1. Could you tell me whether Asp123 is in contact with an Asp or Glu (Cβ under 6 Å, 6 or more places away or on another chain) and in a loop (DSSP other than H, G, I, E, B)?
2. Quick one: in segment 135-179, of everything that is among the charged types (D, E, K, R) and part of a helix (DSSP H, G or I), which residue is nearest to the ligand (Cβ to nearest atom)?
3. Which numbered condition in (1) within 26 Å of Cys143 (Cβ to Cβ); (2) assigned to a helix (DSSP H, G or I); (3) more than 16 Å from the ligand (Cβ to nearest atom) is the only one that Cys103 fails?
4. Please list, ordered by first then second residue, the pairs with beta carbon atoms under 7 Å, 6 or more apart or interchain, first in segment 50-61 and free of Cβ contacts under 8 Å to residues at least 24 places away in the same chain and within 18 Å of Tyr76 (Cβ to Cβ), second among the β-branched types (Val, Ile, Thr) and in a helix (DSSP H, G or I).
5. Just to be sure before I move on: is Ala65 open to solvent by less than 30 Å² (accessible area, probe 1.4 Å) and without any contact (Cβ under 8 Å) to a residue 12 or more places away in the chain in the structure I sent?
6. Checking the structure you have, find out if any residue of segment 69-76 is in a helix (DSSP H, G or I), modelled with pLDDT of 95 or more, farther than 28 Å from Met135 by Cβ and over 24 Å from the mean Cα position of the chain (by Cα).
7. In segment 68-100, what residues are open to solvent by 80 Å² or more (accessible area, probe 1.4 Å) and polar (S, T, N, Q)?
8. Would you pick out the residues in segment 106-129 that are away from the ligand (no atom under 16 Å from the Cβ), free of Cβ contacts under 8 Å to residues at least 60 places away in the same chain and on the phi > 0 side of the Ramachandran plot?
Amino acid sequence: MSAPANINAKQPKTFAFTPENLEKAKWFIAKYPKNREASAVIPLLQLAQAQHDNWLPVAAMDVVAEMLEMPPVRVYEVASFYTMFNRAPVGKFLLQVCTTTPCWLRGSDDIKHVCKSKLGITDGETSKDGMFSMMEVECLGACVNAPMVQINDDYYEDLTGESFAQICDDLAAGKKPSIGSQTGRQGSHPANINQNGAKKA
Ligand code: FES
């Protein structure tokens with residue numbers, strides 16, 4: 001099943017923030033000076049997407065435009081520019097696989113292979129069971145722990161094909177795999193140095 005990259009054909013007619021999210025939206029808007037409310041467009045779109053199963057229907061973008069007194073097309077432009085906004089449904093777990101040079105050199109092809117062979121998906125696709133969507137993305141700023149994948153809001157780093165496959169199994173089984181480095185290194189310490197700064201044997 002494909003996850004269309006563009007606007008989804010099936011659109012809900014309406015969208016409304018929950019009372020709690022409406023308060024959050026107002027809080028974001030109040031952070032900016034009068035006549036600069038449009039600066040809150042990204043956090044409001046993030047709120048709307050999080051509320052709506054991780055994708056943004058047109059109705060939600062229109063609500064954001066109205067709240068910020070922006071022409072709707074300006075909001076569509078923002079939502080279509082940033083890859084963090086999904087304008088079509090995605091799986092429960094969105095796998096953003098970094099394939100920029102450092103991650104590629106360190107094995108992102110192995111990650112892509114797991115997506116294809118284990119989950120049956122490539123760039124822009126969603127698995128048949130609706131659990132996983134996959135996107136190839138550019139550098140996510142964690143190159144020192146390459147290769148890495150962002151899954152929903154979390155980074156999984158120092159991956160191998162094997163450890164990534166295990167993470168997918170755990171997520172599908174409802175478990176919460178540990179985020180960050182999968183080899184146990186602390187932050188961005190050199191891979192062959194232990195926590196005390198000594199060289200590993
Ligand atoms: S190249 Fe993959 S995080 Fe930078």
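1. Considered against the rule, which asks whether it is in contact with an Asp or Glu (Cβ under 6 Å, 6 or more places away or on another chain) and in a loop (DSSP other than H, G, I, E, B), Asp123 comes out as yes.
2. Only one residue fits best here, namely Glu162.
3. Evaluating Cys103 over (1) within 26 Å of Cys143 (Cβ to Cβ); (2) assigned to a helix (DSSP H, G or I); (3) more than 16 Å from the ligand (Cβ to nearest atom) leaves (3) as the failure.
4. Met61/Val75
5. yes
6. no
7. Correct list: Thr83 only.
8. Gly120
The values are calculated or read from the model by the stated rules, or taken from the named source; none is laboratory data. Treat the numbers as computed from the prediction; the structure is a model and nothing was measured. Glycine gets a Cβ as well: all are built from the backbone with ideal geometry, and neighbour counts include every protein chain shown. All accessible areas refer to the heavy atoms of the entire protein, side chains included, with ligands and DNA or RNA removed. Shrake-Rupley method; radii C 1.70, N 1.55, O 1.52, S 1.80 Å.
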